[in-house]
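First the structure, in the form of structure tokens, and then the observations on it.
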Amino acid sequence: MNNQELWQRYQDLLYFNDDLGLYLDVSRMHFKDDFLDSLQPKFVHAFHAMDALEKGAIANPDENRQVGHYWLRDPELAPKALQPEIIDTLAHIENFVKQVHSGEIRPPHAPKFTDIISIGIGGSALGPKFVDKALTSEAPPLNIQFIDNTDPDGMDHILNGLKDRLASTMIIVISKSGGTSETRNGLLETKHAYQQQGLDFPRYAVAITLAGSQMDVLENCDNWLAKFAMLDWVGGRTSEMSSVGLLSAALLGIDIRAMLAGAKAMDSATRVPDIKNNPAALLSLCWYHACHGDNQKNMVLLPYKDSLVLFSRYLQQLIMESLGKEKDLDGNIVHEGITVYGNKGSTDQHAYVQQLREGVDDFFVTFIEVLEDRTGPSIEIEPDITTGDFLSGALQGTRQALYDKQRESITISVPRVDARCIGALIALYERAVGFYASLVNINAYHQPGVEAGKKAATDFLVLQRHILTVLKTAQHPLTLAALAAQIGAPDQIETVYKVIRHLAMNPRGLVLHGKLHKPSDLTVSLTAHAARNITAAPLAEMA
Ligand SMILES: O=P(O)(O)OC[C@H]1O[C@](O)(CO)[C@@H](O)[C@@H]1O
């Protein structure tokens, strides 16, 4: 295609949303002109399915649940019975935040809360982290940190770093199910740190969970500083505009009403039943072209803006947990999915872009361009050129260089990174994921594959328990083979070895005879002290 034809294709396909100032350019995706028409019947179905979902159909048949994240930004669309809880939760958040900012709600031994530790994982962490990085100002009312793993080092880093300010730190624990192990562990470790300092944990703790969840019951969250409803019909990965995302955002001083308004504006733009005039339909059409069937391309997300660096991580869950499915809705094995990676431009130009241009052609890029460089004027780095011009040049240059090598790209351009824009971007991708799921006939709203890893992790810990129980009563050191036999798992020696190696590297009372890296010569026993301390309580399944 010559430059004139390309310019024409650019204009023909360019989508612009006047309300949001958002452009979507799909001209550098190599689908043919008739591709759009050929997908029309599939889109008629996708538009209908989305309409039914928004009207309250059971869109997640596995869990017999409605899927209502769109109602969060436009409660009038929600079934009548659900409207009060959406409106009340938002009011509860705003009221609470106002009182925290004013000091009316304060910690027992300090005039105001200064910090937040947000504990949660997956959809209960990625949205709040992304929004914090994208929108928190240089001088927020509170500082936030996230515990989103069961890594003891990671927790120590945060808890020790905040040691002197723990007495003015609010803990927000987010878990829809209330049973996720990593989150439970973060909660228990944090609670322990508070107890060590003689601080009354419930007076610092805020829960976001389903009413009556395991966490709600076990921790008696009604006695905490506050408890916010998590709603059954909001999925974890689409929960940023529920209490999950809105509470921390509001505490950080982010305009959550603007975020909701941006999402609402995008929702209405993506309800238009016309592919070319619907940005989510256009996006999902591009994904279908690049990723479906034989074209298994990866999505590389390149926002040219530091504050959007976590967008790809956020989208990784939204897209891969939603679309990565073994079976379609008819039970056929399909192994669907789109791999998402990326950080930011131009930084990634100096990392993997070399491969994108010259290596394996297994991707398409989505550039995100932010038109406003910064608030206020810029100095000239070279005659007539600012640092922002460099950033812009880097984006346009990479797009062109990729195109010259027949590499595909999409470009989304937004005026600036503000709450309205972030709400709109989230809503855009949520809807595109929903459409894509319809196009390839899968359930986007469940995640059966996640359970296998959790089950195997539980099995590993059960085996560890058995090993320690055997060692406790052993009369002499045991080989790994003898240990495996005694726990009734003679074929699990490798797992036994992994357990022993991990315990040996930590102060758990293991006595090793032999070398850790020579498993076949190794024998193991426990110190008398450790043997006395092992409990036999049953292990809860990892959730
Ligand atoms: O909010 P919860 O229930 O703790 O779940 C956290 C995350 O775990 C998952 O269920 C997957 O393990 C995600 O879908 C979810 O976002």
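Over the C-alpha trace of the stretch 1-63, radius of gyration and Dmax come out as 16.7, 52 angstrom.
Given the rule -39500 (n - 2.57) for each run of at least 4 DSSP H residues, summed and divided by the residues of the chain, what is its mean residue ellipticity at 222 nm, to the nearest 500 deg cm²/dmol? Walk me through the numbers on the way to the answer.
Working: 19 runs with 237 residues, N = 543.
Mean residue ellipticity, 222 nm, calculated: -13500 deg cm²/dmol.
Please compute the Kirkwood hydrodynamic radius over the stretch 450-532, one decimal place, Å, based on all pairs of different Cα atoms.
In the stretch 450-532 this quantity evaluates to 12.9 Å.
So what is Rg over Rh here for the stretch 147-290, counting just Cα atoms and using Kirkwood for Rh? Computed over Cα atoms, the ratio is 1.09. Consider all pairwise Cα distances in the stretch 278-390 and report the whole-number % of them above 24 Å. Here the tail beyond 24 Å accounts for 38 percent of pairs.
Return a whole-number percent for the relative contact order of the stretch 450-532, with Cα pairs under 8 Å and 6 or more residues apart as the contact set. Relative contact order, the stretch 450-532: 31 percent. For V365, the residues whose modelled amide H falls within less than 5 Å of its own, excluding neighbours fewer than 5 places apart on the same chain, are V300, E408, S409, I410. Here's the picture: charge each Lys and Arg Cβ at +1 and each Asp and Glu Cβ at -1 in the stretch 450-532, and of F460, A474, A504 the one pushed furthest to the positive end of that dipole is A504. The relative contact order of the chain comes to 16 percent, based on Cα pairs under 8 Å that sit 6 or more residues apart.
Taking the Cα atoms only, what angle lies between the long axis of helix 126-135 and the longest principal axis of the chain, rounded to 10 degrees? That works out to roughly 50 degrees. Give the angle, between 0 and 90 degrees and rounded to the nearest 10, that separates the Cα long axis of helix 449-473 from the longest principal axis of the Cα atoms of the chain. So the helix axis and the longest Cα principal axis differ by about 10 degrees.
Which one of S168, H192, C286 has its Cα pushed farthest toward the positive end of the charge dipole of the stretch 167-307, where Lys and Arg give +1 and Asp and Glu give -1 at the Cβ? The listed residue farthest towards the positive side: C286.
For the stretch 2-105, how big is the tail of P(r) above 24 Å, as a whole percent of Cα pairs?
Working: 3048 of 5356 pairs.
Roughly 57 percent, once rounded to a whole number.
For the listed residue pairs K55/K305; K55/K327; K133/K325, the alpha carbons are over 28 angstrom apart in K55/K305; K133/K325. Rounded to the nearest 20, the Cβ-based charge dipole of the stretch 450-532 about its Cα centre (Lys and Arg +1, Asp and Glu -1) stands at 280 debye.
Here the contact order of the stretch 327-426, divided by its residue count and restricted to Cα pairs under 8 Å and six or more residues apart, works out to 34 percent.
Legend: distances between Cα atoms for K297/K454; K191/K454; K297/K405; K42/K297; K455/K518; pairs beyond 18 Å are K297/K454; K191/K454; K42/K297; K455/K518.
Once Rh for the stretch 28-89 is found with the Kirkwood sum over Cα pairs, what is the Stokes-Einstein diffusion coefficient at 4 °C and 1.567 mPa s, in µm²/s? Stokes-Einstein gives a translational diffusion coefficient of 93 µm²/s.
Within a straight-line Cα-Cα reach of under 17 Å, K264 can be paired with the following aspartates and glutamates, leaving aside sequence neighbours fewer than 8 residues apart in one chain: D18, D19, D51, E54, D74, E76, E240, D255, D418, E430.
Scattering from the stretch 207-353 was approximated by placing one identical point on each alpha carbon and applying the Debye formula without solvent; log10 I(q)/I(0) at 0.11, 0.16, 0.20 1/Å stands at -0.63, -1.16, -1.36. Taking the Cα centre of the chain as origin and assigning +1 to Lys and Arg Cβ atoms and -1 to Asp and Glu Cβ atoms, the resulting dipole is close to 1740 debye. The angle between the Cα long axis of helix 279-291 and the main principal axis of the chain comes to about 70°, on a 0 to 90 degree scale. For K32, a cut-off of 17 angstrom between C-alpha atoms picks up these aspartates and glutamates, skipping any fewer than 8 places away in its own chain: E5, D12, D294, E408. Evaluated at q = 0.05 Å⁻¹, a Debye calculation over the C-alpha positions of the chain (equal weights, vacuum) places log10 I(q)/I(0) at -0.25.
Apply the Kirkwood formula to the stretch 47-181: the hydrodynamic radius equals the inverse of the mean of 1/r over all pairs of different alpha-carbon atoms; give it in Å with one decimal. For the stretch 47-181, the Kirkwood estimate is 17.6 Å.
Once you divide the Cα radius of gyration of the stretch 91-167 by 2.2 N^0.38 Å, the number left is 1.18.
Each value in this text was obtained by applying a stated rule to the coordinates, not by laboratory testing. The structure displayed is predicted, hence computed values, not measured ones. Heads up, the Cβs are rebuilt from the backbone with ideal geometry, glycines too, and the neighbour counts pull from every protein chain shown.
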